[in-house]
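Peer 1: So that we are looking at the same thing, I have put the structure below in structure tokens.
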Amino acid sequence: MLLGVSGAVVAVVLLIRAGRSVAGADTAQGTVRVRAEVHTGVEQALIGLTRSLALVGSPADAAYGQLFLQQTAVATLTVGSRSEIGRGFRALITAEPGRGATEIRYAILRLPGDETLHAAVLQFELLLIEAIRRLDANADVRLVGRALRDLDRTTGQEGGAR
């Protein structure tokens, strides 16, 4: 009997932990491409990024295909491209307080298969990294997974830019 109760408790704990890891998984927030830790507050980080990136503030102010940046929640910026049919590029920049630093994440939610748009997104990612460095010259900035491969391909590694 005691063994059965112990087994049930272990199963419940494992399910709760699995649920937490799924709820906090990066895939729920899109494909994370850049992570950074900056030594400034959340509000200062978002204000600094918004100023440094200098994109238009709403889809209505953007030309078709042009990127815009708008605050959509207290600690979230949405990056997107204006699209006639509402199927343009979408990404999130989130800022969360951490232990001694603010964690910034940039994740792509939707990226249509347009080569011109892909080039604009890669250029934006480079500008984002520069903007993070302006916030904190000692920021710990990490490109995640495919972002690093895409950057290598566009900067001319092994045979020139494509």
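Peer 1: Given the condition assigned to a loop (DSSP other than H, G, I, E, B), surrounded by fewer than 16 Cβ atoms within 10 Å (Cβ to Cβ), in contact (Cβ under 8 Å) with a residue 24 or more places away in the chain and in contact with a Phe, Trp or Tyr (Cβ under 9 Å, 6 or more places away or on another chain), answer yes or no: does some residue in the range 80-89 qualify? Steps first, please.
Peer 2: Initial filter on the range 80-89 (assigned to a loop (DSSP other than H, G, I, E, B)): 82-89.
Subsequent filtering for residues that are surrounded by fewer than 16 Cβ atoms within 10 Å (Cβ to Cβ) retains 84-87.
Filter again for in contact (Cβ under 8 Å) with a residue 24 or more places away in the chain, leaving 87.
If we keep only those that are in contact with a Phe, Trp or Tyr (Cβ under 9 Å, 6 or more places away or on another chain) as well, we get none.
Within the range 80-89 (the criterion being assigned to a loop (DSSP other than H, G, I, E, B), surrounded by fewer than 16 Cβ atoms within 10 Å (Cβ to Cβ), in contact (Cβ under 8 Å) with a residue 24 or more places away in the chain and in contact with a Phe, Trp or Tyr (Cβ under 9 Å, 6 or more places away or on another chain)), the answer is no, since none of the residues qualifies.
Peer 1: Could you please let me know if L128 is crowded, with 16+ Cβ neighbours inside 10 Å, out of contact with any Cys (no Cβ under 8 Å at 6 or more places or on another chain), over 15 Å from G30 (Cα atoms) and touching a residue at least 12 places away in the same chain (Cβ under 8 Å)?
Peer 2: It is true that L128 is crowded, with 16+ Cβ neighbours inside 10 Å, out of contact with any Cys (no Cβ under 8 Å at 6 or more places or on another chain), over 15 Å from G30 (Cα atoms) and touching a residue at least 12 places away in the same chain (Cβ under 8 Å).
Peer 1: Here's another thing I want to ask about it. So in the range 102-117, with the set limited to residues that are in a helix (DSSP H, G or I) and touching a residue at least 24 places away in the same chain (Cβ under 8 Å), which one is surrounded by the most Cβ atoms within 10 Å (Cβ to Cβ)? Break it down into steps so the answer makes sense when it comes.
Peer 2: Just the residues of the range 102-117 that are in a helix (DSSP H, G or I), to begin with: 115-117.
Narrowing further to those that are touching a residue at least 24 places away in the same chain (Cβ under 8 Å): 116-117.
Details: T116: 8, L117: 17.
In this case the residue turns out to be L117.
Peer 1: Which of (1) surrounded by 14 or more Cβ atoms within 10 Å (Cβ to Cβ); (2) within 15 Å of the chain's Cα centre (by Cα); (3) among the charged types (D, E, K, R); (4) modelled with pLDDT under 90 is the odd one out, the single condition R146 does not satisfy?
Peer 2: (1)
For every residue, the table says whether it meets (1) at pLDDT 95 or above; (2) farther than 23 Å from N138 by Cα; (3) exposed (fewer than 12 other Cβ atoms within 10 Å of the Cβ).
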| site | (1), (2), (3) |
| --- | --- |
| A8 | no, yes, yes |
| V22 | no, yes, yes |
| Q29 | no, yes, no |
| V32 | no, no, no |
| L55 | no, yes, no |
| A63 | no, yes, yes |
| A75 | no, no, no |
| T78 | no, yes, no |
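The values are calculated or read from the model by the stated rules, or taken from the named source; none is laboratory data. The structure presented is a predicted model; accordingly, all values stated were derived computationally and were not measured. Positions of Cβ are backbone-derived with ideal geometry, glycine not excepted, and every protein chain shown enters the neighbour counts.
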